[in-house]
Amino acid sequence: MVTRQQAQVTGPAYYDNGRHKQSIGDEIMSETSKLTTTTGKSSELPMISGTHGPDVADVRRLYKDAGIFTYDPGYATTASCKSSITFIDGEKGILLYRGYPIEQLAEHSTYLEVCYLLMYGELPTPEQYDDFTDIIKNHTMVHENIRDFINGFRYDAHPMAMLLGTVGALSSFYHDSIDINDPKHREISAQRLIAKMPTIASYCYNHSRGQPFMYPDNSLSYVENFTRLMFAVPAEEYQPNQVAVKALELILILHADHEQNASTSTVRMAGSSGANPFASIATGVASLWGPAHGGANEAVMNMLDAIHDSGETIEKTIDRAKDKNDPFRLMGFGHRVYKNFDPRAKIIQKMCHEILDDLGGDQPLFNLAMELEEKTLADDYFKERQLYPNVDFYSGIILRALGIPMNMFTVMFAMARTVGWISHWNEMHEDPEFRIGRPRQVYTGAATRDYPAKS
Ligand code: CMC
């Protein structure tokens, strides 16, 4: 039996500083469906409807009423929270930040404008944008001891390892603003993280090159400043290349948020215990590093280089990806949510054409990638499983054309995603329904048994 009723769910103020009052969900319709177990116990499951997306069965009373848990490895059909930040329709290939289509933001916005949008829920007015940009610029420097901290890593440390350690270490440097119950503290920590990520990322890079660490130049834009931090040396004047700046701006916008992906869910889970923002974001960096997630951009380039260098045919590569006895997967293909084109991949592919025309770059590798995409999309195995190129399939080709080394690719992703992570972390703390994350399990170990008697 299905009964319809209306529930009013009012979200909290977001960064309750008087600037915006964005709620998690203004009004949510709910209807109830009844679940009866094989043992005859039953539970009413209220259905929750968001603005877009499928209805969600609220199973919170299920264990109390019917004595059962739900089983969903990988959380593929579980909504872990309510969120008003990002929406994805995987069937239609739609991605919205705060309701705005990614294509429109990619065309008209800047990365800092997108940061403001994700953090505060609305696009900034020109005045708000100027204020926000000034605040971010005021936080670009890092404590001098962070430079020493980074210098303590081995000369050949992976930049992601350095980033992971350094972001966690920020909690020891900025201990003055980590009261998670204070909205102002949460906001300052968010601004610090967004502002300092480019500085830290560039120091991780320059440490491994034995190059000096540059200080930020706040007369430059966020992205110009990052390219200067990465590539300038104190002995010479530096002029940012505007084609490269535009491409990087786009890459950052496309990677800024992606709802409850592995790293964002990790940040929420870590933060749910009350962990401070820097420690929580460090867990996001750790999760992102894996090749099934943010590490895929580096893995795609390794794969394309290997195909190119070995002379292996595209057909052979596709066969290996289909072979269940071979652990090889086509990197940059497939997505948990997108069962159609990843809209970010389309934008990036177009940008590849422009960048390679303007800056030069690895045209043979781009041609190889396009051929691989074409043949893969025509293959029944990939068609049946709805496996399409994802954002990482082409992003590495752009990053390489911009002179960014491969081991920095995932660092770029982490830099861009920091705003998404911190916006979700903050949203969680504002959510009246928020509780510590604590999933249950299906126990499959030994049944209760007695400790053997000792002779
Ligand atoms: N190559 C070959 N087969 C694949 C691939 C692939 N890239 N991706 C999925 N499959 C197959 C998989 O073997 C399975 O086949 P079967 O049904 O016969 O067992 C089926 O497709 C479903 O795959 P799944 O592993 O159950 O799907 P998932 O949602 O758990 O995994 C994924 C999603 C992204 C981890 C996976 O597609 C993958 O490993 N892709 C390659 C890595 C990659 O490009 N990651 C970047 C993701 S986008 C950026 C980001 O979010 O960070």
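Below, the figures for the structure above:
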{"quantity": "Count - residues of the range 78-99 that are among the hydrophobic types (A, V, I, L, M, F, W, C), part of a strand (DSSP E or B) and out of contact with any Ser or Thr (no Cβ under 8 Å at 6 or more places or on another chain)", "calculated": "2"}
{"quantity": "The range 338-352, subset in a loop (DSSP other than H, G, I, E, B) and surrounded by fewer than 18 Cβ atoms within 10 Å (Cβ to Cβ), residue nearest to the ligand (Cβ to nearest atom)", "calculated": "Lys339"}
{"quantity": "Criterion violated by His335 - all others in (1) out of contact with any helix residue (DSSP H, G or I) (no Cβ under 7 Å at 6 or more places or on another chain); (2) buried (at least 20 other Cβ atoms within 10 Å of the Cβ); (3) part of a helix (DSSP H, G or I); (4) not hydroxyl-bearing (Ser, Thr, Tyr) satisfied", "calculated": "(3)"}
{"quantity": "Subset tally (residues that are within 19 Å of Asp358 (Cα to Cα) and within 15 Å of the ligand (Cβ to nearest atom)) for the range 370-397", "calculated": "4"}
{"quantity": "Condition check for Thr38: farther than 28 Å from Lys92 by Cα, at pLDDT below 80 and loosely packed, with under 13 Cβ neighbours inside 10 Å", "calculated": "no"}
{"quantity": "Options Gly67, Gly50, Gly93: the member that is under 19 Å from Thr36 (Cβ atoms) and outside the structural domain of Gly420 (by TED's automatic domain parsing)", "calculated": "Gly67"}
{"quantity": "Test: residue in the range 275-289 that is more than 14 Å from the ligand (Cβ to nearest atom), part of a helix (DSSP H, G or I) and either of a type in the set (Val, Ile, Thr) or in contact with a His (Cβ under 8 Å, 6 or more places away or on another chain) (or both)", "calculated": "yes"}
{"quantity": "Test for Asn302: is it in a loop (DSSP other than H, G, I, E, B), away from the ligand (no atom under 11 Å from the Cβ), of a type outside the set (Phe, Trp, Tyr) and surrounded by fewer than 18 Cβ atoms within 10 Å (Cβ to Cβ)", "calculated": "no"}
{"quantity": "Residues being out of contact with any helix residue (DSSP H, G or I) (no Cβ under 8 Å at 6 or more places or on another chain) and either within 17 Å of Ala244 (Cβ to Cβ) or within 16 Å of the ligand (Cβ to nearest atom) (or both) - total across the range 355-369", "calculated": "1"}
{"quantity": "The range 209-242: number of residues that are in a helix (DSSP H, G or I) and surrounded by 19 or more Cβ atoms within 10 Å (Cβ to Cβ)", "calculated": "10"}
{"quantity": "Selection count, the range 110-136, where residues are without any contact (Cβ under 8 Å) to a residue 40 or more places away in the chain and in a helix (DSSP H, G or I)", "calculated": "10"}
{"quantity": "Evaluation of Asp357 against (1) more than 30 Å from Ala76 (Cβ to Cβ); (2) part of a loop (DSSP other than H, G, I, E, B) (one fails), failing number", "calculated": "(2)"}
{"quantity": "Check on Arg4, of a type in the set (Lys, Arg), modelled with pLDDT of 90 or more and over 29 Å from the mean Cα position of the chain (by Cα)", "calculated": "no"}
{"quantity": "Qualifying residue in the range 407-424 (condition: closer than 30 Å to Asp156 by Cα, within 16 Å of the ligand (Cβ to nearest atom), assigned to a loop (DSSP other than H, G, I, E, B) and in contact (Cβ under 8 Å) with a residue 60 or more places away in the chain)", "calculated": "no"}
{"quantity": "Cross-chain or 6+ apart pairs with Cβ under 8 Å, the range 370-398 first and of a type in the set (S, T, N, Q), then more than 10 Å from the ligand (Cβ to nearest atom)", "calculated": "Gln386/Asn340; Ser395/Ile251; Ser395/Leu254; Ser395/Ile348; Ser395/Phe409"}
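The rows are residues; the columns are (1) aromatic (Phe, Trp, Tyr); (2) under 20 Å from Pro343 (Cβ atoms); (3) under 16 Å from the mean Cα position of the chain (by Cα); (4) not assigned by TED's automatic domain parsing to the domain that holds Lys246.
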| position | (1), (2), (3), (4) |
| --- | --- |
| Tyr97 | yes, yes, yes, yes |
| Pro101 | no, yes, no, yes |
| Gln104 | no, yes, no, yes |
| Leu123 | no, yes, no, no |
| Pro126 | no, no, no, no |
| Lys137 | no, no, no, no |
| Thr140 | no, no, no, no |
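The values are calculated or read from the model by the stated rules, or taken from the named source; none is laboratory data. This is a predicted model, so every value here is computed, not measured. Because the Cβ atoms are built from the backbone with ideal geometry, glycine has one as well, and the counts that use them run over all protein chains shown.
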